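Encoded as structure tokens, the structure appears first; notes follow it.
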Amino acid sequence: MNDSTPDQSFGPTVRAALAEHGISVRELARRVHYDHAYVSRVLAGKQRPSADLASRIDNTLDAGGALSTIAATLTPDDTDRLAHSSIYPSRVDAETVSALADVLAAQRRLEDVIGPRAVLPGTRAQLATVTRLAKEARGPHRENMVSVAAQWTQFTGWLSVALRRDRDALTLFDQAEELADEGGDATMAATATSFRGYIAWQQERYPAMLRAAQGSLHTSGAHVAQHAFDTLQAAQALGALGERDAARRRLDEAAVLTEETERQRDTARPWHYYYTRPFFLLQVGIAYLNLGDYAEAADYLSDALNRLPEDQHEADWTGEYRDALAAATEGR
């Protein structure tokens with residue numbers, strides 16, 4: 001196993017989390033009761049962590065089992081396969097694509113628990129290798145490899161947004177959209193476009209937010225879950241721009257699309273795991289806040305935050321909705 005293979009996520013992620021907690025590797029070794037040299041080799045990517053070590057580190061860093069999941073995601077065979085694919089990228093096979101998708105899914109869940117700052121270093125370090133595999137892959141699995149690379153790029157962009165590195169994020173979303181178009185993945189292309197609207201929302205650039213939402217909505221073939229979110233994003237922008245009637249029409253449309261999303265839950269894309277009913281209700285709350293309907297906004301936001309899945313309750317991204325709830329409560 002070498003540091004350039006794309007499974008090198010456990011070590012960089014743990015090191016970033018240690019920095020967040022102000023804990024040295026030596027102190028970590030002491031707390032988990034393992035030899036310092038062994039822990040150092042694991043965090044350097046030179047040795048696989050045992051299940052016991054991963055569990056103890058997970059508990060020390062309050063990662064809620066997410067680090068254990070990362071450590072267990074790849075089997076030794078997967079690791080060897082990924083190392084081989086890194087050397088011979090044109091020979092990417094279905095198992096390699098699946099293993100990469102599994103690693104990415106674990107990274108997404110991990111970010112909900114320990115936050116973007118700890119997850120970004122490992123994810124970013126792997127991105128160059130993943131995109132190279134997509135570029136050089138040949139044969140029947142190339143399209144799926146390109147799709148996974150688009151997902152990886154979009155997730156790295158999201159982590160950058162969460163840390164307010166907006167310029168980096170916009171570049172990554174452009175790259176994700178290009179990869180999605182190449183891989184024939186309309187839903188990912190729409191997602192990348194939509195995230196530009198999220199950046200515009202954070203910057204209070206509501207016309208740009210509306211343009212991004214409308215652009216995503218006009219992406220033919222995207223999943224209904226993405227259309228539901230984009231319709232809500234359009235309602236938020238319209239509300240902020242004072243177009244009350246148009247905003248309410250969009251909210252009505254979004255209600256229908258949200259119900260359809262529930263009916264098509266089994267066809268949802270993996271990066272839409274957080275597009276749950278509570279998440280959509282959070283967006284409704286933001287729309288009402290932008291309309292100045294503070295009582296309704298507070299009711300929606302409070303209810304939705306309480307109904308989020310347990311592993312998302314303390315996720316960093318919920319902070320902006322808690323702030324919105326405070327603003328709505330003050331304004332009602």
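Scanning region 148-186 for residues that are of a type in the set (S, T, N, Q), open to solvent by 10 Å² or more (accessible area, probe 1.4 Å) and either more than 14 Å from HIS272 (Cβ to Cβ) or touching a Gly at 6+ places or on another chain (Cβ under 9 Å) (or both) yields THR171, GLN175. Pairing residues of region 121-147 that are within 24 Å of GLU111 (Cα to Cα) and open to solvent by 60 Å² or more (accessible area, probe 1.4 Å) with residues that are not aliphatic (A, V, I, L, M) and not in a helix (DSSP H, G or I), at Cβ distances under 7 Å and at least 6 apart in sequence or on separate chains, gives ALA125/GLN8.
Under 21 Å from LEU67 (Cα atoms), among the basic types (Lys, Arg), open to solvent by 20 Å² or more (accessible area, probe 1.4 Å) and in contact with a helix residue (DSSP H, G or I) (Cβ under 7 Å, 6 or more places away or on another chain): does that describe ARG196? Answer is no for this residue. Among residues of region 189-205 that are among the charged types (D, E, K, R), those with a Cβ under 9 angstrom from a residue that is open to solvent by 20 Å² or more (accessible area, probe 1.4 Å), sequence gap 6+ or separate chain, pair up as ARG196/LEU170; ARG196/ASP174; ARG196/ARG211; ARG196/GLY215; GLU204/ALA240. Looking at region 291-312 only, could you name the residues that are in contact with a helix residue (DSSP H, G or I) (Cβ under 7 Å, 6 or more places away or on another chain), within 20 Å of HIS272 (Cα to Cα) and open to solvent by 30 Å² or more (accessible area, probe 1.4 Å)? Selection gives ARG307, ASP311.
Screening the candidates TYR273, TYR321, TYR288 for the property of being in contact (Cβ under 8 Å) with a residue 40 or more places away in the chain, open to solvent by less than 60 Å² (accessible area, probe 1.4 Å) and within 30 Å of GLU20 (Cβ to Cβ) yields one hit, TYR273. From the list SER216, SER220, the one residue that fits, being in contact with a Gly (Cβ under 9 Å, 6 or more places away or on another chain), over 16 Å from LEU291 (Cα atoms) and of a type in the set (Ser, Thr, Tyr), is SER216. The helices (runs of 4 or more DSSP H) found entirely in region 23-117 that carry 3 or more residues being at pLDDT 85 or above and either open to solvent by 60 Å² or more (accessible area, probe 1.4 Å) or not hydroxyl-bearing (Ser, Thr, Tyr) (or both) are 25-32, 36-43, 51-60, 94-114.
The values are calculated or read from the model by the stated rules, or taken from the named source; none is laboratory data. Given the structure is predicted, the values throughout are model-derived calculations rather than measurements. So basically every Cβ, Gly included, is an ideal-geometry build from the backbone, and we count neighbours across all protein chains shown. Only protein heavy atoms, including side chains, enter the accessible area calculation; ligands, DNA and RNA are left aside. Shrake-Rupley method; radii C 1.70, N 1.55, O 1.52, S 1.80 Å.
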